[in-house]
1. Test LEU38 against the criterion of being touching an Asp or Glu at 6+ places or on another chain (Cβ under 8 Å), among the hydrophobic types (A, V, I, L, M, F, W, C), modelled with pLDDT under 90 and in a loop (DSSP other than H, G, I, E, B), and give yes or no.
2. Any idea which residue in region 41-64 is surrounded by the most Cβ atoms within 10 Å (Cβ to Cβ), counting only those that are at pLDDT below 80 and within 15 Å of LEU3 (Cα to Cα)?
3. Please go through region 12-37 and give me each residue that is among the hydrophobic types (A, V, I, L, M, F, W, C) and either in contact (Cβ under 8 Å) with a residue 24 or more places away in the chain or in contact with a helix residue (DSSP H, G or I) (Cβ under 9 Å, 6 or more places away or on another chain) (or both), ordered by number.
Amino acid sequence: MDLAICLGGDGTLLYMSTMFQRHVPPVLCFSLGTLGFLTPFQIADYPAALAKVVEGTLVQATAGWLYCWLGLGLGLYEFPLDQNVY
């Protein structure tokens, strides 16, 4: 898959990210609500955003998933970032 498009809010985006187990394709997010911390585009902006994708001029932001392992009683705390989300 070359691109995933998410229509909704932050919760929809987070749910969508769980659908991909290994490789997460670039995700173009459109907010259908009023807030949206993780969805950078409003639905009204979709023509311009899609045009930038086709032109190859859309800036890509990368974030990491945080994995946590706690060894209770052993004193082991490890917090590696090892997977990218687009």
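1. It is true that LEU38 is touching an Asp or Glu at 6+ places or on another chain (Cβ under 8 Å), among the hydrophobic types (A, V, I, L, M, F, W, C), modelled with pLDDT under 90 and in a loop (DSSP other than H, G, I, E, B).
2. ALA61
3. LEU13, LEU14, VAL24, VAL27, LEU28, CYS29, PHE30, LEU32, LEU35, PHE37
The values are calculated or read from the model by the stated rules, or taken from the named source; none is laboratory data. Everything quoted here is computed from the prediction, not taken from an experiment. Every residue, glycine as well, gets a Cβ built from its backbone with ideal geometry; the counts of neighbours run over all protein chains shown.
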